[in-house]
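K.L.:
One structure coming up, written as structure tokens, with questions to follow.
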Amino acid sequence: MSPSDSNMMVVREQTPSEALAIVPIQVFVPASQTTTETDFEPTPMIQIKGTTETTPETPKQLQETTPTLPPAPTKIHPDAEDAAALLMMARTASYVPKTDPGVPSFSLGLTDSSQEGASTQETERAKSPESANLIEQLDDLVQKIASSAAKGKNKSPQIQRETGGESSAKFRTPVGLYQITDDMKQKCYIWGTRLKEDADGNTNEYEEMCTLIGQGEYILMRMHLVSLQAKSDIESQIVSAICLILNQKNEKRFQEQIYCLPPDIVCMALSDHPKGEFVSPKMKKEFRVEAYPSFIPFIDRKKLTSHPYIFAPVCHSGHWWLWLINTRKQKCHILDPLHKKAPSDERKDINKFTGYVFSRLITYAGGEPLQKGENEKKIKSSYVKISGQKTSYDCAIYVMKWMELIEPENIKKGKYEWDNWPQEEVDHYRVEYASRILFSEMNKERYRAIRESSAIRLSKPSSVLLSPFCQINSADIETA
């Protein structure tokens, strides 16, 4: 027991010489008996200037920060150790001392030295029926808690399928602690994807909105974020940004197993080799990694050569698909949200060229090529049958989510079984990706995103606008 769990008192004891001695004694009592009121109040959430308070729509949206000094805990379901401590205190309290009018009513049973020869029967403490009943109940409680604790240690945590309505998270700014609620994500989405036009017809599409700090500075402009608007084809810079963010996640999946290769170089290579030609019709040269120096800094060479799996997004003619490369077995799979096999001979040529690009990137980073010699231009890739997009514009959403969720070991006999998302959930991922990028700790402009998002006002706060799957346009909002 710590000093905070005990009270100190002093009692008087007579010595044989009739002198008085001061004897310190510690009395241990439960916290609930010593504290009647909470001495500390939780620190209220600091609001960004210009915002208004909103009533939480779901219990998950916390409206307060964690108090700096928590109040004295009141445990409804105490731990086994705590219950055992309570049992020990109850047993101690169950002994009723001999009544002596010369000592306080909470006498600890100490006697004068002149009474030391008295019968032990007079000084022996007896149990009261109420205390015996209390001890019996606490005994049962300790047994139950210990049993449940033992069972809990043997259980593995259940992995829940991710949904569109992600739980709120917290983030710290120079002026306080704020909370990422669904409302805040929607405001961020509105601010990041809206274009403004001046009197001369010029827009702010080239405004720099985000600078991700990784191996270099990866800059996103407003035009890239605008591609997250409903029913729009998503720009490759958004997919690259998600790759960079996933690679920095402190999870075993991304730190040891899977590396997400940003698609910039392969997309640029396909623009120079539009039909999968190994010799560029424009440059009259074969593909070389060194020809794209602007994007080399964003490749993590260590993870590219050490991780057993590489997820590599590819985009051609506005359509996205995902390469899954097993570097240990040198096998390649293609997960296409729209196709179960190569839709044309041209796509087959593009896939061969793309495999060559990936092999060259791995070799450039210091790894072994997927194939050697001329076979490097004949790398085979098999299509995986998987449930995919239901529209003509959501392929990038599926590719980005698959990088987060697909388990390579579960690809069996050319199939991957999984529960596809409802369309409203797919739509909502556009909102999620906007806030994930702009509120990322990698974003150097993060505090600006927080400030600008907080200035957004929903002009029609109805149940429709506050729906987690809501797509809001400029007609539904106004700025402060």
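The values are calculated or read from the model by the stated rules, or taken from the named source; none is laboratory data. Because the structure is predicted, anything quoted here is derived from the model rather than measured. For neighbour counting, all protein chains shown are included, and Cβ atoms are generated from backbone atoms with ideal geometry for every residue, glycine included. Note: accessible area is taken over every heavy atom of the protein model, side chains too, but ligands, DNA and RNA are not part of it. Shrake-Rupley method; radii C 1.70, N 1.55, O 1.52, S 1.80 Å.
K.L.:
Along the charge dipole of the stretch 190-479, Cβ charges K/R +1 and D/E -1, which of 250, 356, 227 sits furthest on the positive end?
P.N.:
Checked the options; the winner is 356.
K.L.:
How far, in nm, would the chain grow between residue 198 and residue 346 when pulled straight, counting 0.36 nm per residue and subtracting the alpha carbon separation?
P.N.:
Result: 48.9 nm gained on full extension.
K.L.:
Given R₀ = 56 Å, FRET efficiency for residue 412-residue 282 by Cβ-Cβ distance, to 0.05?
P.N.:
0.85
K.L.:
With each pseudo-label sitting 7 Å past Cα toward Cβ, what's the residue 329-residue 404 distance in nm, one decimal?
P.N.:
2.7
K.L.:
Tell me, what is the per residue accessible area of the stretch 190-479 in Å², probe radius 1.4 Å?
P.N.:
46
K.L.:
Using the structure shown, list the pairs from 285/348; 329/390; 249/380; 185/444 with a Cα-Cα distance above 24 Å, or answer none.
P.N.:
329/390; 249/380
K.L.:
Still on this model: Quick check: convex hull over the Cα atoms of the stretch 190-479, volume per residue in Å³, rounded to an integer?
P.N.:
Considering the Cα atoms of the stretch 190-479, their hull volume per residue is 147 Å³.
K.L.:
Where the centre of each part is set by its Cα atoms, how far does the stretch 324-387 sit from the stretch 250-311, in angstrom?
P.N.:
Between the Cα centres of the stretch 324-387 and the stretch 250-311 lies a distance of 12 Å.
K.L.:
Taking a quarter of the surface of the Cα convex hull of the stretch 214-326, what do you get in nm²?
P.N.:
Its average projected convex-hull area is 8.0 nm².
K.L.:
Still on this structure, please answer the following. Compute the signed sum of charges (Lys and Arg +1, Asp and Glu -1) over the other residues within less than 13 Å, Cβ to Cβ, of residue 294.
P.N.:
That works out to -3.
K.L.:
Here's another thing I want to ask about it. Based on the mean of other Cβ atoms within 10 Å per residue, sort peptides 195-202, 450-457 so the most packed one is first.
P.N.:
Highest-to-lowest ranking by the protection proxy: 450-457, 195-202.
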